[in-house]
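Here the structure comes first, spelled out in structure tokens, and everything after it is commentary.
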Amino acid sequence: MIRFSWKTAALAAVALASFPHSSHAEEQPQGIFIEPSDSTGKRVYVAPMDGAQHDTPEGSVVVTAPPVDTKKFPFFGHRNAVRCEVTDVKTDAPKTEQNGHTSVAYHIKIKVVETLRPLAQPESSIDVDIEKPSNSHSFLSQWLPIAMGAQFVAAFDNDQVQDAFDQDAQSDSKQLTPLAFDHTVKPNWRDLTLFNTAITQTAAPVPAALAQPVRQGAAGHLFFQLVGGYNDKIYGSGAFSSAFAHWLRDAKVSPAAKAEILINYLNAPIDVTKASNVAANQSLAVSGADAILSVSRSADKDAKDQLGEMLRAYSDLFLMNDRPRGVTASLIAPSDRRQLLTLAERKAGPETRDAFRAWLK
């Protein structure tokens, strides 16, 4: 199971979503972990584009990127994205460097399966030379798959894909950001496509266009992070908050997805909810409570293990001092209130437990 938490440094090798800091940022790294396609690479940590320095999750590849204009660079600080497949891998004989360290040079041919946005001069394949382990601290060598047939998705800036993979450009990890490996390629590429379609269309306002795949149940983890990275105020728009509330109540959405999104995103746009209209606040409060209860009733053990964090996220957004306008316990049905309180007593930490007691009693 891929683990999604949220928020910690902007990382050019997986820089994702930007939301305001919560009071619990020091307790839980915020971002996405994407596992490499083979055991030779480190997992990549995807963080938001807030331009801030944060702690690096142990054992992960993370770099810091500056704040960016998300209208011009909507894909976590990049203009475009590419879906690729490794088609050929050749190696040189291992060489021993000083202090007994041995490294292997890899010559990799990569097929460009598809680019998210058209290129002036499309490329069908690119060639990459890397060394593992890298003696030059190359970011690319730490995550690029070297297995035949391995697929991945990466966001990039350049007009030419080959330029983005240039080893020199990777010294500061600014040119390329991996966004998916193996089984995450298909859903993440779908999310990128849905997001790109919404922000480039002209028939409807952007918040309404972004709300459509959410309401249809087509949006995945990456889509929600893309929205937050693009403009977190979208979460406060009537169209998007209504669709988001519907998504949280949708029985077709898996308990695991609800748990992850509630933990990572519903607690994030707290400043946005204060500026939202009362109806949007109330709708999200009711839907968030419904999502927590639906996870508690599910058979998904991994999702149920997240109940404590779900309760904490809900408390951060709706129950603490800066409670959004219009959110009162009377919105929740009496039977659901009792169940929420029971869950908080069993699963939540002291601060969250006290907040639920005060609110629901």
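The values are calculated or read from the model by the stated rules, or taken from the named source; none is laboratory data. Everything numeric in this text was worked out from a predicted model, so none of it was measured. Ideal geometry is used to build each Cβ from the backbone, glycine not excepted, and the neighbour counts take in all protein chains shown. Please note that ligands, DNA and RNA were not included when accessible areas were found on the heavy atoms of the full protein model with its side chains. Shrake-Rupley method; radii C 1.70, N 1.55, O 1.52, S 1.80 Å.
From the list Ile234, Ile199, pick out the single residue that is out of contact with any strand residue (DSSP E or B) (no Cβ under 7 Å at 6 or more places or on another chain), among the β-branched types (Val, Ile, Thr) and touching a residue at least 40 places away in the same chain (Cβ under 8 Å).
Only one candidate qualifies: Ile199.
Quick one: which residue in Asp305, Asp290, Asp300 is acidic (Asp, Glu), open to solvent by 40 Å² or more (accessible area, probe 1.4 Å), free of Cβ contacts under 8 Å to residues at least 24 places away in the same chain and closer than 24 Å to Ala256 by Cβ?
Answer to the selection: Asp305.
Check every one of the strands (runs of 3 or more DSSP E) wholly within the stretch 79-168 and list those with 2 or more residues that are at pLDDT 90 or above, open to solvent by 10 Å² or more (accessible area, probe 1.4 Å) and touching a Cys at 6+ places or on another chain (Cβ under 8 Å).
In the stretch 79-168, the matching strands (runs of 3 or more DSSP E) lie at 102-115.
Based on what the data block shows, is Ser241 among the polar types (S, T, N, Q), within 30 Å of Ala348 (Cα to Cα), open to solvent by less than 30 Å² (accessible area, probe 1.4 Å) and at pLDDT 85 or above?
Taking the combined requirement at face value, the residue satisfies it.
To keep it simple, each residue is scored yes or no on (1) part of a helix (DSSP H, G or I); (2) under 18 Å from Asn264 (Cα atoms); (3) small (Gly, Ala, Ser).
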position: Ser287; (1), (2), (3): yes, yes, yes
position: Val295; (1), (2), (3): yes, yes, no
position: Gly308; (1), (2), (3): yes, yes, yes
position: Asp316; (1), (2), (3): yes, yes, no
position: Leu340; (1), (2), (3): yes, no, no
position: Leu343; (1), (2), (3): yes, no, no
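Mind listing whichever residues of the stretch 180-200 are of a type in the set (Val, Ile, Thr) and crowded, with 21+ Cβ neighbours inside 10 Å?
Matches in the stretch 180-200: Thr184 only.
If Lys252 satisfies every condition in (1) among the charged types (D, E, K, R); (2) modelled with pLDDT of 85 or more; (3) in a helix (DSSP H, G or I) but one, which is the exception?
Single failed check for Lys252: (3).
Suppose we filter the stretch 201-226 for residues that are touching a Pro at 6+ places or on another chain (Cβ under 9 Å) and assigned to a helix (DSSP H, G or I); how many remain?
5
Is it the case that some residue within the stretch 169-181 is aromatic (Phe, Trp, Tyr) and in a helix (DSSP H, G or I)?
Within the stretch 169-181 (the criterion being aromatic (Phe, Trp, Tyr) and in a helix (DSSP H, G or I)), the answer is no, since none of the residues qualifies.
Can you tell me which residues in the stretch 331-359 are open to solvent by less than 60 Å² (accessible area, probe 1.4 Å), over 19 Å from Ile263 (Cβ atoms) and small (Gly, Ala, Ser)?
Ala333, Ser335, listed by residue number.
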